[in-house]
Amino acid sequence: MFGMNPFPPPPDLVIRPAARDDASKLGQLWARAFPGERSAAERTEGLLEGTDLRGGIETAFIGEVEGRVAGAFRAYRLETHLFGRPIPALGLAAVAVSPSFRRKGIGAALCREAIRIGRERGDLLSILYPFRVDFYRRLGWALAGSFHRFRFAPESLPLFPERAGVRLLEPGERAPAIPELYDALLPRRHGLLSRSPTFWKDLDDPDRLVVGVGDGPLEGAAILRSRQGSRREEAEVRLEEVHLSGPESYRAILGWVSAQRDQWRRVTWDALPGERLHDVLADPRRPHSPDRRGLWFEGERVLRGPMVRILHLEGLGRTLGTVPGARIELHDPVLESESGAWVGTEDGGLVRESAEVGPGALPVSVASELLVRGAYPGIGTVREDFRPVMGIDDFHLLESF
């Protein structure tokens, strides 16, 4: 497979930055490709008014064949944190192909163009949520993490005494307290994205419930959304985001949720594997789930993603530091400038020694997975002073895009 492109570019495909006149066509394309999320009109407005959290029409690219819309994608400018270090990244989203052009290599061509755009503008990594893992893996992305979605009754959590430190935050009180906590935790997290003030614009939404831990600067916080339903059994709450500085704030939030058992009958919590929430829950089965076998549970679902891809190995080596003399061999069939043998320099950088792809070269998808795990030989991904919150170094990307 080395040296072969499994996705030959389709003939006559032109990919270009979208213009304002394209907004309506893009809105219709994405509404068909992702039904049930937002209407075509809502998507068009988001592009034209720039009301989307990550940008407007300037983030969109359109693919055409003989003037007809064949597909599109969005290329967001992000900053992720790799074991607490800020890294510029391409957020690839909304990859969609028109029904008339599917199974013709259009989707892969759009992704290759996004990779080129990201690398040329200085992004070192790319991040996405996959519609199909194997498709993106063949183009160089690797799974970076997962969430375990638990649905359980509040009384399954202990009534930890630390819950006494939790208080409701009213609209107007939530900012700047929540953004300040988030920014303070970035150097101790792996995968979180930097957020602009625009991202927090809905923080004071009265339909959201926000709680904080601590009377001074927050030690922890949770953003929740609840639904009462027509019957008491339908009352449920979902924890949209949880930000914690340590085990004490974690127990505080858990205990506070447990204490709400008279208001909500069901809780949805997307936990990182490292949280080991199943060890805390007394009964991790979903409320009203059939008891097929006494000791079996339907307690969690695994959400796979995001996926991460290396775009610029030399830039990553310079940012993260390399072992002097370390030899790193990479095979990237999309970015030929990345393929070959690289050697660590005395000043901690990385130089390309040869463009030849040897038999020991790592496919870029494998190399990307090792990088995110902090296990890429020769690259000092994890700082010696990195102390992750609660010892959890799972890749943690809260928002989708």
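The values are calculated or read from the model by the stated rules, or taken from the named source; none is laboratory data. If you're wondering where the values come from, they're calculated on a predicted model, not measured in any experiment. Here the Cβ positions follow ideal geometry from the backbone for every residue, glycine too, while neighbour counts run over all protein chains shown. Heads up: the accessible areas ignore ligands, DNA and RNA and are worked out on the full protein's heavy atoms, side chains in. Shrake-Rupley method; radii C 1.70, N 1.55, O 1.52, S 1.80 Å.
As an exercise: evaluate ILE115 against (1) of a type in the set (A, V, I, L, M, F, W, C); (2) at pLDDT below 95; (3) open to solvent by less than 10 Å² (accessible area, probe 1.4 Å) and give the number of the one condition it does not meet. Checking ILE115 against (1) of a type in the set (A, V, I, L, M, F, W, C); (2) at pLDDT below 95; (3) open to solvent by less than 10 Å² (accessible area, probe 1.4 Å), the one that fails is (2). Listed by first and then second residue, the pairs linking a residue in the range 187-205 that is within 19 Å of ARG387 (Cα to Cα) and assigned to a loop (DSSP other than H, G, I, E, B) to a residue that is acidic (Asp, Glu) and open to solvent by 70 Å² or more (accessible area, probe 1.4 Å), with Cβ atoms under 7 Å apart and 6 or more places separating them unless they lie on different chains, are HIS190/ASP393; SER194/GLU79. When the range 44-89 is filtered for residues that are among the small types (Gly, Ala, Ser) and open to solvent by 20 Å² or more (accessible area, probe 1.4 Å), the ones remaining, listed by number, are GLY50, GLY67. Among the conditions (1) small (Gly, Ala, Ser); (2) within 30 Å of GLU336 (Cβ to Cβ); (3) open to solvent by 30 Å² or more (accessible area, probe 1.4 Å), ALA184 misses just one, which is (2).
Taking residues in the range 245-259 that are in a loop (DSSP other than H, G, I, E, B), and partners anywhere that are buried (at least 23 other Cβ atoms within 10 Å of the Cβ), the pairs with Cβ atoms closer than 7 Å and at least 6 places apart or on different chains are SER245/GLY220. Filter the range 18-38 down to the residues that are more than 23 Å from the chain's Cα centre (by Cα) and in a loop (DSSP other than H, G, I, E, B), then identify the one that is farthest from PRO99 (Cα to Cα). Taking the candidates together, the pick is ALA19.
Within this structure, GLU120 passes the test of being without any contact (Cβ under 8 Å) to a residue 12 or more places away in the chain, out of contact with any Phe, Trp or Tyr (no Cβ under 6 Å at 6 or more places or on another chain), closer than 16 Å to LEU316 by Cα and not β-branched (Val, Ile, Thr). Going through (1) surrounded by 16 or more Cβ atoms within 10 Å (Cβ to Cβ); (2) within 23 Å of ARG304 (Cα to Cα) one by one, ALA341 falls short only on (2). Within the range 381-396, the set of residues being in contact with a Leu (Cβ under 7 Å, 6 or more places away or on another chain) and not in a helix (DSSP H, G or I) comprises THR381, ILE392, ASP394, HIS396. Of GLU336, GLU346, GLU300, all but one fail to be buried (at least 21 other Cβ atoms within 10 Å of the Cβ), modelled with pLDDT under 95 and over 14 Å from TYR376 (Cβ atoms); the exception is GLU300. Here are some conditions: (1) modelled with pLDDT under 95; (2) touching a Ser or Thr at 6+ places or on another chain (Cβ under 9 Å); (3) aliphatic (A, V, I, L, M); (4) surrounded by 18 or more Cβ atoms within 10 Å (Cβ to Cβ). LEU277 meets all but one. Which one does it not meet? For LEU277, the exception is condition (2). Scan the range 213-252 for residues that are open to solvent by less than 60 Å² (accessible area, probe 1.4 Å), under 15 Å from ALA153 (Cα atoms) and not acidic (Asp, Glu) and the total you get is 4. The residues in the range 322-347 that are outside any strand (DSSP E or B) and under 23 Å from GLU120 (Cα atoms) can be counted, and the count is 8. Quickly run through the range 39-60 and pick out the residues that are at pLDDT below 85 and either over 23 Å from the mean Cα position of the chain (by Cα) or more than 19 Å from ARG77 (Cβ to Cβ) (or both). Result: no residue meets the conditions.
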